[in-house]
Amino acid sequence: MKNLENIEKHLRKAKTWNMVLLVLGLISLIITLFGLPETLNPTKKTYDALGSYGAQMYEYLNSPMAKAIAIIGLLISIGLLVCYFMANKKLKEGKAPSKIPYYAKLAWTVISLIIGFIAVPSGEYMGVDMSRFTQISSIVSSIIISIPVILVIVHLFKAEPEE
């Protein structure tokens with residue numbers, strides 16, 4: 001009986017963290033959708049104020065690769081949200097969902113960081129290494145956003161019955 005209570009406890013915790021992912025994902029999706037027009041058609045005047053670094057950033061953001069990455073990221077976000085909703089339904093029924101969407105979220109986070117490190121131009125603005133600043137802020141925000149994903153995975157593993 002203790003084991004069954006333990007499983008239910010971990011499924012409830014997984015459900016809580018899955019709800020956190022749903023809320024964060026919905027907020028992120030709304031922000032992304034509002035910013036999509038600027039992402040697909042960046043305003044040159046905005047980047048002119050940053051001097052040569054702004055010109056490099058404008059060229060990068062206006063490239064087909066940057067636009068493709070933005071659209072792929074949007075589609076992945078929508079797909080993950082659908083998976084989180086389906087997982088929430090299973091968790092409400094007291095069943096463990098697949099861990100694949102959570103692993104996919106972690107994988108996409110790592111892939112986007114790598115793409116950012118490789119593709120985003122480096123440069124300075126007012127003596128500050130903007131690429132270093134961007135990389136550090138990307139890593140920190142990715143770690144913070146990955147915490148709920150990791151907690152869902154941990155609780156799903158703990159909810160597996162012992163054999």
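The values are calculated or read from the model by the stated rules, or taken from the named source; none is laboratory data. Since we're looking at a predicted model, the values are computed, not measured. Cβ: placed from backbone, ideal geometry, glycine included. Neighbour counts: every protein chain shown. We work out accessible area using only protein heavy atoms, side chains counted, and drop any ligands, DNA or RNA first. Shrake-Rupley method; radii C 1.70, N 1.55, O 1.52, S 1.80 Å.
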Meets criteria (open to solvent by 40 Å² or more (accessible area, probe 1.4 Å), within 17 Å of the chain's Cα centre (by Cα) and hydrophobic (A, V, I, L, M, F, W, C)) for L81 = no
task = Name the single residue, out of those in the stretch 1-45 being part of a helix (DSSP H, G or I), open to solvent by 80 Å² or more (accessible area, probe 1.4 Å) and modelled with pLDDT under 85, that is farthest from Y84 (Cα to Cα).
result = K45
note = When restricted to S52, S63, the only residue among the small types (G, A, S), open to solvent by 40 Å² or more (accessible area, probe 1.4 Å) and modelled with pLDDT under 90 is S52
ask   = Right, K90: modelled with pLDDT of 90 or more, basic (K, R) and either out of contact with any strand residue (DSSP E or B) (no Cβ under 9 Å at 6 or more places or on another chain) or surrounded by 16 or more Cβ atoms within 10 Å (Cβ to Cβ) (or both) or not?
value = yes
ask   = So Y58 fits all but one of (1) aromatic (F, W, Y); (2) within 24 Å of F133 (Cα to Cα); (3) within 21 Å of the chain's Cα centre (by Cα); what number is the exception?
value = (3)
query = Got at least one residue in the stretch 39-47 being of a type outside the set (F, W, Y) and touching a Lys or Arg at 6+ places or on another chain (Cβ under 8 Å)?
reply = yes
message = I'm checking my understanding of the structure. Among residues of the stretch 96-123 that are modelled with pLDDT under 90 and either small (G, A, S) or loosely packed, with under 14 Cβ neighbours inside 10 Å (or both), which one is farthest from N6 (Cα to Cα)?
response = G123
message = Here is a check on your reading of the model: is A49 over 20 Å from the mean Cα position of the chain (by Cα) and aliphatic (A, V, I, L, M)?
response = yes
message = Given (1) touching a helix residue (DSSP H, G or I) at 6+ places or on another chain (Cβ under 7 Å); (2) among the small types (G, A, S); (3) part of a helix (DSSP H, G or I), identify the lone condition not met by A68.
response = (1)
